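Single-structure report; data block below.
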């Protein structure tokens, strides 16, 4: 439980250090992209946001790369199973993902999404 609180505090600090949430949300708004807060569970969605944390954590004996995607409205955990590293996937990177959101212990998760690295909207 302490790790979850620590991750939340680090994410909160990282968010305030970069931009206001409303500025981030405005930067990622497009016609065919849902906000994390409004995205339905168990249906195909496309999301855009900034990666806040990246963690390598084994799941069931298989390596798993976990990344927290934040779009100004909320966060979703992105998990690539069987991956230790993905080129270009780093904290602070802007990303578009496509997949289905599920829940595990109340946390929203998207497993093995299609992804596209996108330019930072603030540049």
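Observations
- If the condition is being closer than 17 Å to residue 8 by Cα and exposed (fewer than 12 other Cβ atoms within 10 Å of the Cβ), then the range 74-105 contributes 92, 104, 105.
- Complete set of residues in the range 101-114 that are in contact (Cβ under 8 Å) with a residue 24 or more places away in the chain and not in a loop (DSSP other than H, G, I, E, B): 101, 102, 103, 107, 108, 109, 110, 111
- Scanning the range 55-73 for residues that are over 9 Å from the mean Cα position of the chain (by Cα) and surrounded by 11 or more Cβ atoms within 10 Å (Cβ to Cβ) gives 55, 56, 59, 63, 64, 65, 72, 73.
- Whenever a residue of the range 26-44 is on the phi < 0 side of the Ramachandran plot and surrounded by 10 or more Cβ atoms within 10 Å (Cβ to Cβ), it has no partner that is modelled with pLDDT under 90 and in a strand (DSSP E or B) lying with C-beta atoms less than 6 angstrom away and at least six residues away or across chains.
The values are calculated or read from the model by the stated rules, or taken from the named source; none is laboratory data. These numbers were taken from a predicted model, which means no experiment stands behind them. Reconstructed Cβ throughout: ideal geometry from the backbone, glycine too, with neighbour counts over all protein chains shown.
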